[in-house]
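A quick write-up on the structure given underneath.
The values are calculated or read from the model by the stated rules, or taken from the named source; none is laboratory data. Quick caveat, the model's predicted, so the values are computed rather than measured. Ideal geometry is used to build each Cβ from the backbone, glycine not excepted, and the neighbour counts take in all protein chains shown.
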Amino acid sequence: MNMSCGNVAVEKGMVNRGNWYRIKRVMQKAKNKEAITVGFLGGSITQGCLSSTPETCYAYLVYEWWKKKFPDTNVNYVNAGIGGTTSQFGVARAEDDLLSKNIDFTVVEFSVNDDTTPHFFETYEGLLRKLYQSRTKPAMLIVNSVRYDDGNNAEAIHNRLGVEYELPCVSMRTTIYEAMKQGKFTNRDITQDDLHPNDKGHQMMAEVICDFLEKVYADLETPEEPVKLPDPVTENGYEASVRYQNTNFTPQTQGFTADDTPQKDIREIFRKGWTADKKGSWIRFQITGSCFAAQYRKSVMQPTPVAKAVIDGDTEHAVILDGNFEENWGDCLYITTLAEHLPYGEHTIEIQIETTHAQDKVPFYLVSVIGS
């Protein structure tokens, strides 16, 4: 890997050591020339937004570290980054997009997508628990990206869980952002929008992560005991999240049409859902859980229909799902929490088109309903 980030104190990246048993197990497996799969789950930074090529994204550069460290081993690469998504969506899609690939090691990166709130503290814990307990028992590394205009991110809550679960955490705030604040380079040297790194920024991120991996590798022969999964620190309403789309669920409908366009890549996000464009059209789900959310398209093509969601007939607490997007960067896969911590059991969720316009440009697109 061609690194040129000498201005960054990469050794300050490890903000929580955690337990290295699992990651050492993966390295030993690779050292024994057994095939391994390294995965990356996160938002647009993990996807590689604003890197010039997929191969200059930090995730691919970290994957290259594994290949070069173990040249006689077949190392597989899974990049499950999707822009504009949070750990609430991450826990619902983790099985399909990541765990089904039988990963051995994964980076988890949602620190600039999640907010520092109890809600995301709980969704992130659900994600960590789902990954930790999955069938391949993967090693996990929490990566804290950062905003380069103000240094904000969600690492306070993410790393609190990292400490609780003894998961290693590395931070771009204590490394890249700190070096920028010290005047070693400017924000525009590494990012054009103070959020998404350019190639140099991705290279710096990779160096911080690979410095941690080198620390583990240097200590590979030191025995380490596995840790026991702790009890949840939140109500843990999201660990068992399930995403309902037209490929795995058949709701009752009137006026909504299933979209059967093939999905060739996970980033083709407006697939497997339902569309409607007439006022009064409705779609009804009866699903089991206690926390529920709707995913739908917010479109820059305006006007667009507006829907409302009602759970168990409780119209007093109806939630508006407005398909009109006020930003201009493109259509957004938006997630709205409909209810949290209802009594666990079967609940009815009805989504109805509330408002249409004579000049609607696109129909309302319901991508999925998430129950957990």
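Which fully enclosed strands (runs of 3 or more DSSP E) of segment 261-336 have 2 or more residues being outside the structural domain of Gly42 (by TED's automatic domain parsing) and without any contact (Cβ under 8 Å) to a residue 40 or more places away in the chain?
The qualifying strands (runs of 3 or more DSSP E) are 319-322.
Within segment 46-69, track down each residue that is β-branched (Val, Ile, Thr) and either closer than 18 Å to Thr85 by Cα or in contact with a His (Cβ under 7 Å, 6 or more places away or on another chain) (or both).
Thr46, Thr56
Just a yes or no: is a residue in segment 219-240 of a type in the set (D, E, K, R) and in contact with a strand residue (DSSP E or B) (Cβ under 6 Å, 6 or more places away or on another chain)?
Looking through segment 219-240, none of the residues is of a type in the set (D, E, K, R) and in contact with a strand residue (DSSP E or B) (Cβ under 6 Å, 6 or more places away or on another chain).
Kindly establish whether Lys279 is closer than 30 Å to Ser171 by Cβ and surrounded by fewer than 18 Cβ atoms within 10 Å (Cβ to Cβ).
Against the criterion (closer than 30 Å to Ser171 by Cβ and surrounded by fewer than 18 Cβ atoms within 10 Å (Cβ to Cβ)), Lys279 does not qualify.
Just a yes or no: is a residue in segment 13-35 in a helix (DSSP H, G or I), under 23 Å from the mean Cα position of the chain (by Cα) and under 21 Å from Ile190 (Cβ atoms)?
So far as segment 13-35 goes, no, none of its residues is in a helix (DSSP H, G or I), under 23 Å from the mean Cα position of the chain (by Cα) and under 21 Å from Ile190 (Cβ atoms).
State which residue is surrounded by the fewest Cβ atoms within 10 Å (Cβ to Cβ) when the search covers only segment 8-52 and only residues that are aliphatic (A, V, I, L, M) and within 16 Å of Ile142 (Cα to Cα).
Val15
Select the helices (runs of 4 or more DSSP H) contained entirely in segment 161-244, then report the ones holding at least 3 residues which are modelled with pLDDT of 95 or more, of a type in the set (A, V, I, L, M, F, W, C) and surrounded by 21 or more Cβ atoms within 10 Å (Cβ to Cβ).
Counting at least 3 such residues, we get 199-218.
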